[in-house]
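Read the structure below first, then the notes.
The values are calculated or read from the model by the stated rules, or taken from the named source; none is laboratory data. The model shown is predicted, which means the values in this text are computed figures rather than measured ones. Here the Cβ is made from the backbone with ideal geometry for all residues, glycine too, and neighbour counts use every protein chain on show. Note: areas computed on protein heavy atoms with side chains; ligands, DNA, RNA excluded. Shrake-Rupley method; radii C 1.70, N 1.55, O 1.52, S 1.80 Å.
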Amino acid sequence: AGGFHAAETTATLRPSQAIRGLYDAFNRRDAEAAADFLDDDCVYEDLLLGPSTVCRGKKAFAQALAFHPAFVTSSLFDELPFVLPELRLVVDSVAEGTDAVGVEWHVEVGEGTPFPLGRGLSQVSS
């Protein structure tokens with residue numbers, strides 16, 4: 001069975017530690033660093049959006065992030081002559097098992113304003 005790993009090390013993390021690291025990397029718009037918290041054989045799914053969001057393996061997860069609206073808009077809007085408020089995913093709660101973690105999160109805009117209908121549930125297992 002796999003585990004969850006700290007980016008750039010071989011240290012095994014508890015699932016809750018890894019998922020928080022993954023979301024921190026997401027908020028930096030660093031897809032590779034986010035994926036590095038996962039095993040090669042993990043399965044990631046956004047439970048509210050269903051089967052279309054399933055990513056099998058960290059490579060698939062990193063590739064999916066490249067098309068995530070937060071990543072796409074971030075790269076498109078970087079060239080504008082003005083700054084738009086940033087979107088961030090905030091972890092509300094984490095439930096972990098030995099080889100799986102569930103995370104409840106919400107989206108904030110700018111300086112902590114909740115984004116309407118911006119709540120989610122995701123699960124990672126290995």
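Looking only at the stretch 46-57, decide whether some residue is open to solvent by less than 30 Å² (accessible area, probe 1.4 Å) and in a strand (DSSP E or B).
Yes; the residues of the stretch 46-57 include at least one that is open to solvent by less than 30 Å² (accessible area, probe 1.4 Å) and in a strand (DSSP E or B).
Only one of these conditions is not met by Ala64: (1) assigned to a strand (DSSP E or B); (2) surrounded by 15 or more Cβ atoms within 10 Å (Cβ to Cβ); (3) of a type in the set (A, V, I, L, M). Which number is it?
Of the numbered conditions (1) assigned to a strand (DSSP E or B); (2) surrounded by 15 or more Cβ atoms within 10 Å (Cβ to Cβ); (3) of a type in the set (A, V, I, L, M), the odd one out for Ala64 is (1).
Could you please find all residues in the stretch 25-36 being in contact with a strand residue (DSSP E or B) (Cβ under 9 Å, 6 or more places away or on another chain) and either open to solvent by 30 Å² or more (accessible area, probe 1.4 Å) or hydroxyl-bearing (Ser, Thr, Tyr) (or both)?
Matches in the stretch 25-36: Asp36 only.
Quick check: is even one residue across the stretch 9-24 of a type in the set (Lys, Arg), surrounded by 14 or more Cβ atoms within 10 Å (Cβ to Cβ), touching a strand residue (DSSP E or B) at 6+ places or on another chain (Cβ under 8 Å) and over 20 Å from Gln123 (Cβ atoms)?
No, every residue in the stretch 9-24 fails to be of a type in the set (Lys, Arg), surrounded by 14 or more Cβ atoms within 10 Å (Cβ to Cβ), touching a strand residue (DSSP E or B) at 6+ places or on another chain (Cβ under 8 Å) and over 20 Å from Gln123 (Cβ atoms).
Inspect the stretch 76-94 for any residue being in contact with a helix residue (DSSP H, G or I) (Cβ under 9 Å, 6 or more places away or on another chain) and of a type in the set (S, T, N, Q) and give the result as yes or no.
Within the stretch 76-94, none of the residues are in contact with a helix residue (DSSP H, G or I) (Cβ under 9 Å, 6 or more places away or on another chain) and of a type in the set (S, T, N, Q).
Across the stretch 75-122, what is the number of residues that are among the small types (Gly, Ala, Ser), open to solvent by less than 60 Å² (accessible area, probe 1.4 Å) and assigned to a strand (DSSP E or B)?
6
Filter the stretch 71-126 down to the residues that are more than 15 Å from Tyr23 (Cβ to Cβ) and of a type in the set (Asp, Glu) and list them by number.
Asp78, Glu79, Asp99, Glu111
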